[in-house]
Amino acid sequence: MDSKGSVDLFEEKVERYIGAIDAFEDYNIITGFDREQVRQRAREIRSKLETGSAGPLAGMVVAVKDVLCERGKKVTCSSETLRNFESVYTATSVQRLLDKDALLIARTNMDEFAMGSSTENSIFGPAKNPVNPEYVTGGSSGGSAAAVAADLCDVALGSDTGGSIRQPAAYCGVVGLKPSYGRVSRYGLVAFASSFDCVGPFAKTVEDAAMILQHLAGYDPMDQSSSQAPVPDYLSEIRSKKHLKIGIPGEYFAEGLDPEIRFAVEEQLRALEKEGHTLHPITLPHTNYAIATYYILATAEASSNLARYDGIRYGHRADADEMERRLKEGIDDRPTADIYSAGDSPLIRLYKQSRTEGFGDEVKRRILLGTYVLSKGYYDAYYGKAQRVRRLIQNDFSNAFREVDVIASPTAPTTAFKIGEKTQMKPMEMYLNDIYTISANLAGICGISVPLGTHSNGLPMGIQFQAASMHETDLLHAAKASESLGRS
Ligand code: GLN
């Protein structure tokens, strides 16, 4: 952007987005937004554009999931425990975009601590799908997906631990990319399950996703699991055509898949074949174990990561004086009073009360499960075994990627469901939603969801491509080829 006209267009666009954020206020998409700060930053970027000193992302307007730290801003993770937490530093992923002069417009709603598939587990209320507000956005990065879909920004950042970028992208009809584990720094991403967590972009086009990945990717000394692998020039690579070998895993087209989604994906694959790509049936034999394995390992890691919210160093602190007064007077009639045991010291009571008040039900469920699978008597039976199954799932993918470049499948077995439909005593049904996305996080590979037209119920559908670790170029090639067929 260098001409006066495009500089004006930038400010117009920012104003349009500000207006749209207001218009969508009751959709619970945004958790933090300061219009004056945004305007101020837009003016700074404008003057850089005018003097020709702007970075390559000047003009890009980005929303950020409320799980990535931004210095001086509230980072709530949609949790009571962090409702008033202000970060003192900025996540590497966010900083890299800032350094290139992107404009950060707002922070987005999510499932508490990124646990969930619907963005209903949030102190800000359920995020509503811009396509139809009676439906969920998917999750846990539902706010980011919806922000792009509702045109509140150009692109958004999310995090994906088991599908939280790809599934909401499919539910809202946008592009969502989960990079390989280690490709993008996790520094400043509030940890859920550290061996699974990935930061990645939502965008309106595959090229925009590629461009953001370009700036996010690369080694960061602040993240020990960050990869030193060189970062290819994604944009120029995907501008040339490549014929891909596309694997089709039988296990992903089995029971539970909505027939219309199945048909749409199969039709898309036939169209890709006509374009010169080749289709290959493959098998990922341990697919059926992926959800169980994930919910053992991810909850184990979560129980340990969330131990830091004790109300002392971090997080909501219960009113200790009030607690002790009630106890002394024997008037503790609160529903949480039975969490105390006879021998608890006042400090232990404070931890218990603070965590009871600070965490929502889903987070508590995960902490309990994770603590259980790590406990002395069950460690080998659950955690140890799940680690071994994780290896088998990784091997399934290594074997497949010896034969094919990418693996194609639906992103999710259904379209978005109604708000409230699965929250009432149906956590298992919610978990099953991640069946096609969760394995990529167990294996550390990359994946992308690309819009695939509209279901007869009026909601968006998505197609997913997965590629081997650090093979984002193949992933983007496939995504672009699919997008070019014009069914988005
Ligand atoms: N839905 C999955 C879960 O609840 C994945 C969440 C995520 O990717 N952050 O754990």
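The values are calculated or read from the model by the stated rules, or taken from the named source; none is laboratory data. Computed from a predicted model, the values in this text were never measured in an experiment. Please note: Cβ atoms are built from the backbone with ideal geometry, for glycine as well, and neighbour counts cover all protein chains shown. The accessibility values were calculated without ligands, DNA or RNA, using every heavy atom of the protein model including side chains. Shrake-Rupley method; radii C 1.70, N 1.55, O 1.52, S 1.80 Å.
For A169, state whether it is touching a helix residue (DSSP H, G or I) at 6+ places or on another chain (Cβ under 7 Å), outside any strand (DSSP E or B) and either modelled with pLDDT of 95 or more or open to solvent by 10 Å² or more (accessible area, probe 1.4 Å) (or both).
Working: touching a helix residue (DSSP H, G or I) at 6+ places or on another chain (Cβ under 7 Å): yes; outside any strand (DSSP E or B): yes; either modelled with pLDDT of 95 or more or open to solvent by 10 Å² or more (accessible area, probe 1.4 Å) (or both): yes.
Spelling it out, A169 is indeed touching a helix residue (DSSP H, G or I) at 6+ places or on another chain (Cβ under 7 Å), outside any strand (DSSP E or B) and either modelled with pLDDT of 95 or more or open to solvent by 10 Å² or more (accessible area, probe 1.4 Å) (or both).
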Hey, can you tell me all the residues within segment 102-135 that are within 16 Å of the ligand (Cβ to nearest atom) and in contact with a Phe, Trp or Tyr (Cβ under 6 Å, 6 or more places away or on another chain)? N109, F113, A114
Within segment 135-148, identify whether any single residue is at pLDDT 95 or above, open to solvent by less than 10 Å² (accessible area, probe 1.4 Å) and out of contact with any Ser or Thr (no Cβ under 9 Å at 6 or more places or on another chain), and answer yes or no. yes
Any residue in segment 108-126 that's open to solvent by 20 Å² or more (accessible area, probe 1.4 Å): show its pairings with residues that are within 8 Å of the ligand (Cβ to nearest atom) and hydrophobic (A, V, I, L, M, F, W, C) at Cβ separation under 8 Å, as long as the two are six or more apart or on different chains. N121/M115
For segment 418-446, enumerate the residues that are of a type outside the set (V, I, T), within 14 Å of the ligand (Cβ to nearest atom) and either at pLDDT below 95 or surrounded by fewer than 19 Cβ atoms within 10 Å (Cβ to Cβ) (or both). K422, K426, P427, M428, E429, M430, Y431, L432, N433, D434
Tell me, which residue of segment 180-199 that is touching a helix residue (DSSP H, G or I) at 6+ places or on another chain (Cβ under 6 Å) and closer than 19 Å to R390 by Cβ is nearest to the ligand (Cβ to nearest atom)? F192
Suppose we keep only residues that are touching a Leu at 6+ places or on another chain (Cβ under 7 Å) and of a type in the set (A, V, I, L, M, F, W, C) within segment 75-97. Which one would you say is surrounded by the most Cβ atoms within 10 Å (Cβ to Cβ)? A91
Every pair of residues 6+ apart whose Cβ atoms lie under 9 Å, when the first sits in segment 196-213 and is under 16 Å from P232 (Cα atoms) while the second is among the aliphatic types (A, V, I, L, M) and open to solvent by 10 Å² or more (accessible area, probe 1.4 Å): E207/L235; D208/M60; A210/L235; M211/M60; M211/L235; I212/M60; L213/V231
Tell me whether segment 29-47 contains one or more residues that are outside any helix (DSSP H, G or I), open to solvent by 20 Å² or more (accessible area, probe 1.4 Å) and over 25 Å from A114 (Cβ atoms). no
